[in-house]
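Heads up, the thing below is written out as structure tokens.
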Amino acid sequence: MTIRSTAAHLLGTSTLALAALAAQPAVAQEADAPADAAASQGQLNTIIVTANRREENLQDVAVSAATLDSSMVKTIFDAGAEVTALAARVPGLFVESSNGRAAPRFYIRGLGNTDFDLAASQPVSVVMDDIVMENVTLKSFPIFDVERIEVLRGPQGSLFGRNTPAGIVKIDTAKPGDQFAAQLSASYGSFNSISLDGGVTVPLAPGVASLRVSGLYQHRDDWVDNGFTGQDDVLGGYDELAGRAQLLITPDSRLSLLGSVAFRDLDGTSTLFRANILGPGNNDLNANYDRDTVFYDAGGGNVAKYNAFVGSFKLDYDADFATLTSITAWANSEGSSRGDIDGGNMVTGPGFIPFPSDTQDSIDLEQFTHEVRLASNPGGVFDWQVGMFVFQSDFDVTTVGFNFPPPVTVRHTNDSWATFGQVSVQASDVLKLTGGLRYTDDKKQFAVTQTSFMSGPGAQYRIVTDDRLSWDLSAFLDVSDDASVYARLANGFRAPTIQGRDVAFGSPPSIATSEKIMSYEAGFKSELAGRRVRLNGAVYYYTIEDPQFTAVGGANNLVQLVNANKGRGVGFELDSAFQVTPDFLLTAGLSWNNTKIQDENLAVGICAQCTVTDPIVTLSGTDRALVDGNPFPNAPEWIADVTARYAFPVGNAGEVFFFTDWAYQGKTNFFLYESEEFNANNQIEGGLRVGYARNDGTFEVAAFVRNITDADNVKGGIDFNNNTAFVNDPRVFGISARVNY
């Protein structure tokens, strides 16, 4: 059965089955009213989250969560940045990519996946408008016309699925409404950087039909020279175009129908790798590094081109006792990235480059999801919800070497279904208990569909399956009108995975079995000093059985999945906000995270030229590093963020404001093994905006700078050939304007 025919069948049967249970309208929550009232009294705004698939005050939810509102998101992306700019913007969250503006890798509480392959599995789920963006190329879908971004830390397997043992990044965009509304954010900066983010709501029939159209355009000129060819300004640019149209139909007070289509079109430069810019013997940038110049003899311009389309249909039906929700979505993603992977050339380097590497990976993907939920209307002693979820994906990944190895195409398919439920009980005036349970069945298949003389025999068919229960229990206790404490136990898993990229290089596919996490968390939430101070915190400890890791690179240039015996993490998160005066707001976040691989026998490949600090053993004639006790790769030990906004009135209608934001990333090891070169520590980036804003929020104009100190921060490395690394974006000065109507 094809994805499309399966979709039609499941949509019809599951929606009709639960619709029979539904029958009177529920009252929508008015989240904006308390926020406006609080602002007028110099109090902190109320933060609404949907961690439990319903709108709730952040202070009433037994989950460690943080949010970014639409204004902060626009500020982060002022200079045309993409998804990785979210890194370290809330405690516990890290994002990086060696694929440019495509295929980002997310980490929460140190859990993630360093695999750069387009088929990589990740333990952090990205959910955009209730749609699971499972593949890494879908996770890079541009963020625009956004209402808020929520980061839910810790396992979320009961309500959100099998690939959420680390947590969720949940993105909610602006929706159509009954009133005309429009917003536009426009900026222009260094390197001819342009960013336009806008949306407009047009009521077609008041109270019955409404349309919202949103769009994004980002551009940057090429600004990096190729010192090998003598060409100036030939790399580093991009053009990103994305759009979304949403049609909301409410034929009566019970029924809501929302259809959405979205697309993205990216044409730009993939990651710029830079040869031998680290060490040797330390992680400092050396004399080979020049931010404005690379020395490529290959890579075809390091071109990245991707297109994506996402279509969805959401139905909400309000009844006396419950609300039925059905969400069906189909997504397509296709494109490719090519790069001069060795980061230089064998003639002039920089440094020693033993052999050239020039590869391209491409993908052609289809994904189908369908979820149906029945949730009790809020306000009773018992709140409950039940549902089912179906996921299907089918995609081809082609690896091409220029001129070696020859092209090889592999196919991945994934079929998964789940049933789930959650119950909350208001046990007393001050105590709320919640429990959730989810049963998941997951199946993945792999085959080689285009072979070469390097790829080995035939299709090399592989199949992995697993079915498991995920669950969570929490207790939330109000200790006063201003403070609460909670405790949460959560169990989750990441489904088994197949990695087949190495088939193109003559190695068989590798397999990792399911990783299973058990998380223990305790936290507090408080709003003090008349709601002028917010302090939320959590401490956690988790253990993982059979954690999935990817042994990337090494002198043999392999991408191999491995299961360690065990792993563990311990840490804390603190989120705070201080409304010092009605015109002066401070926010600060801090997280400490200590992770450890626990496997005395796990040995992985090592770099070609770096200084390894782990014990070395020789297995089958190859040197390998024992990694027992090492931190998880790309797991910053410390993350901190600070923002400050101060304003003073100008006339009766406006204000002049100063806003600054800073993000700190502590010590971070890039790979499974530890070395002197391939790690980062004490990285900090900041931004500044100075401008004029109207008090009613309708207009703002500002000058801005991103990466204000022009910090050169190493964000990752490639170790198989030489000490190659890649760095953050340069400093960008600019001006911006925002209009809301």
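The values are calculated or read from the model by the stated rules, or taken from the named source; none is laboratory data. Treat the numbers as computed from the prediction; the structure is a model and nothing was measured. Every residue, glycine among them, receives a Cβ derived from its backbone with ideal geometry; neighbour counts consider all protein chains shown. Side chains are part of the model used for accessible areas, which takes the heavy atoms of the whole protein and leaves out ligands, DNA and RNA. Shrake-Rupley method; radii C 1.70, N 1.55, O 1.52, S 1.80 Å.
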With only alpha-carbon atoms in the gyration tensor, what are the semi-axes of the equivalent ellipsoid for region 670-729, in Å, largest first? 39, 10, 10
Here FRET efficiency (C-beta to C-beta, D481 to N332, R₀ 41 Å, nearest 0.05) is 0.20
Percent relative contact order for region 307-455, counting Cα pairs under 8 Å at least six residues apart, stands at 18
Give the Rg (one decimal place) followed by the Dmax (whole number) of region 301-365, computed from C-alpha coordinates and expressed in Å. 23.3, 75
Three-way shape label, region 136-254, alpha-carbon gyration tensor, a/c 1.5: oblate
What length, rounded to one decimal in nm, is gained on full extension from F453 through to Q426, with 0.36 nm per residue of separation minus their alpha-carbon distance? 3.2 nm
How high is the relative contact order of region 297-381, in percent, counting Cα pairs under 8 Å that sit 6 or more residues apart? 35
Note the full-extension length gain between L535 and D221 as 0.36 nm times their separation in residues minus their Cα-Cα distance, in nm to one decimal. 108.8 nm
Would you please give the FRET efficiency between V347 and F584, computed as 1/(1 + (r/R0)^6) with r the Cβ-Cβ distance and R0 = 60 Å, to the nearest 0.05? 0.55
Once the other residues with Cβ under 11 Å from the Cβ of E600 are scored (Lys, Arg +1; Asp, Glu -1), what is the net sum? -1
The chain, helix-only ellipticity at 222 nm - DSSP H runs n ≥ 4, -39,500 (n - 2.57), divided by all residues, nearest 500: -1500 deg cm²/dmol
Rounded, prolate or oblate (a/c below 1.5 giving rounded, otherwise prolate when a/b exceeds b/c) for region 633-741 by Cα gyration tensor: prolate
Hey, which lysines would be in cross-link range of K715, C-alpha to C-alpha under 30 Å, not counting anything within fewer than 8 residues on its own chain? K74, K139, K170, K305, K516, K566, K596, K667
At R0 = 25 Å, FRET efficiency that the Cβ-Cβ distance of D284 and I616 yields, to 0.05: 0.60
Share of accessible surface on carbon and sulfur in region 495-567, whole %, 1.4 Å probe and ligands ignored, is 59
Which of the aspartates and glutamates could be linked to K443 by a straight reach, that is with a Cα gap under 14 Å, when you skip same-chain ones fewer than 8 residues away? D394, D415, D466, D467
Starting from the Cα gyration tensor of region 204-271, take the square roots of the eigenvalues, sort them a ≥ b ≥ c, and report rounded, prolate or oblate (rounded when a/c is under 1.5, otherwise prolate if a/b is larger than b/c, else oblate). prolate
What nm distance separates the two modelled labels at F309 and D233, each placed 7 Å from Cα along Cα→Cβ? 3.6
What number comes out for the charge environment of I194, summing +1 per Lys or Arg and -1 per Asp or Glu over other residues with Cβ under 13 Å away? -4
With point charges of +1 on the Cβ of Lys and Arg and -1 on the Cβ of Asp and Glu, referenced to the Cα centre of region 546-663, which listed residue (W592, N634, F657) lies farthest in the positive direction of the dipole? N634
Under a plain spin-label model, where a point goes 7 Å from the Cα along Cα-to-Cβ, how far apart in nm are F180 and L469? 5.7
With 0.36 nm assigned to each residue of separation and the Cα-Cα distance removed, I735 to V202 gains 189.0 nm
With every protein chain kept in place and a 1.4 Å probe, the chain has an accessible area per residue in Å² of 37
Per 20 angstrom bin, beginning at 0 and ending with the bin that holds the maximum distance, the Cα pairs of the chain fall in percents of 17, 53, 28, 2
What chymotrypsin sites (Phe, Trp or Tyr not before Pro) does region 457-503 have in DSSP loop regions with at most 13 other beta carbons within 10 Å? Y461
Ranking by accessible area, most exposed first, for K566, K715 with a 1.4 Å probe: K566, K715
What does the charge add up to near A205, with Lys and Arg as +1, Asp and Glu as -1, over the other residues with Cβ less than 14 Å from its Cβ? -2
